[in-house]
Amino acid sequence: MDWLTATKIPIGKWAKAAVDWLTDNGAWFFDGLADAINWLISWILWALQAPHPLIVVAVLAGIAWLLQRSLATVALVVIGFLFILNQGYWQETTETLTLVLCSVLVCMGFGVPIGIAAAHRPKLYSALRPVLDMMQTLPTFVYLIPAIVFFGIGMVPGLIATTIFVIPSPIRLTYLGVITTPRELKEAGLAFGATPWQLLRKIELPYAYPQIMAGLTQTIMLSLSMVVIAALVGADGLGVPVVRALNTVNTALGFEAGLVIVVVAIVLDRVFRRD
């Protein structure tokens, strides 16, 4: 087998050369993207941290009522966030919510249009499928390395890594929802003279709505699953005490922070779930 390893394909060297070229020639782009992301993060953090925590809890409870019309869900939101306040993790929770909200905005903002385009262009989806598979199966720490090189340490590389890992879900589920629209509905729309835009807006998207909302829920849950990994590259949030507990073998701290993450996940799942 020596003859096979003697001619090793230099994939690592090619990847390093590509990253070095991007670093040298694309610094203006990465700096601008980092500034835009930091601006978005700072505004969301201000909206969550500037008011009194009880005011934020009341607003979140109101959002839960508007989305679910369920007193049980509202009670769950209030009890969940009051528990977080009681445990002293309010600041970390708002930082994690900021990361999740930014991830949702980016992933849904790009994922839904890409999924729609892929549903109407089979060749595009065929080209996207291996890329999406790689984005979800490639170990997260691998693309954390270039994220740190391009954006440094902080919330931005954590958000970039989260987005890369999460965005395949809304793309796939939007594609699935649009592609499974019954042919009879499309033919009826065409028979009544619907344009492609009207067909998309009035037939395909309403039919795909449950799948798109499933993509939203998965985006939220997968983003929460990345908080610990994001903390390893300097992102603030609930992942920080988990990493600290791991480094110091602090069982109490790890259990507290882990339970708070679970509470946030349950609350967000109940608020945005569509049965």
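Observations
- In terms of its C-alpha gyration tensor, the chain comes out oblate, because a/c is 1.5 or above while a/b does not outweigh b/c.
- Accessible surface of ARG270 - all protein chains present, 1.4 Å probe, nearest 10 Å²: 90 Å²
- Using the 1.4 Å probe convention, the accessible area of the chain works out to 56 Å² per residue with neighbouring protein chains retained.
- Among ILE41, ILE160, the sequence by solvent-accessible area, most first, with a 1.4 Å probe is ILE160, ILE41.
- Taking all protein chains together, ARG121, ARG273 sort by accessible area into ARG121, ARG273, largest first [probe 1.4 Å].
- Extension gain (nm, one decimal) between PHE192 and ALA117, 0.36 nm per residue minus Cα-Cα: 24.7 nm
- Apportionment of accessible area to carbon and sulfur, the chain, percent (1.4 Å): 70 percent
- Modelled FRET efficiency - R0 41 Å, TRP14 with THR248, Cβ distances, 0.05 increments: 0.55
- Hydrophobic long helices, here whole DSSP H runs in the chain with Kyte-Doolittle means of at least 0.5 and Cα atoms spread over 30 Å or more along the helix axis, are found at 27-49, 90-120, 251-272.
The values are calculated or read from the model by the stated rules, or taken from the named source; none is laboratory data. Note that this is a predicted model, so its numbers are computed, not measured. Quick reminder, even Gly has a Cβ in these numbers, built from the backbone with ideal geometry, and neighbours come from all protein chains shown. The protein model used for the area step is the full one, side chains on, heavy atoms only, and it has no ligands, DNA or RNA in it. Shrake-Rupley method; radii C 1.70, N 1.55, O 1.52, S 1.80 Å.
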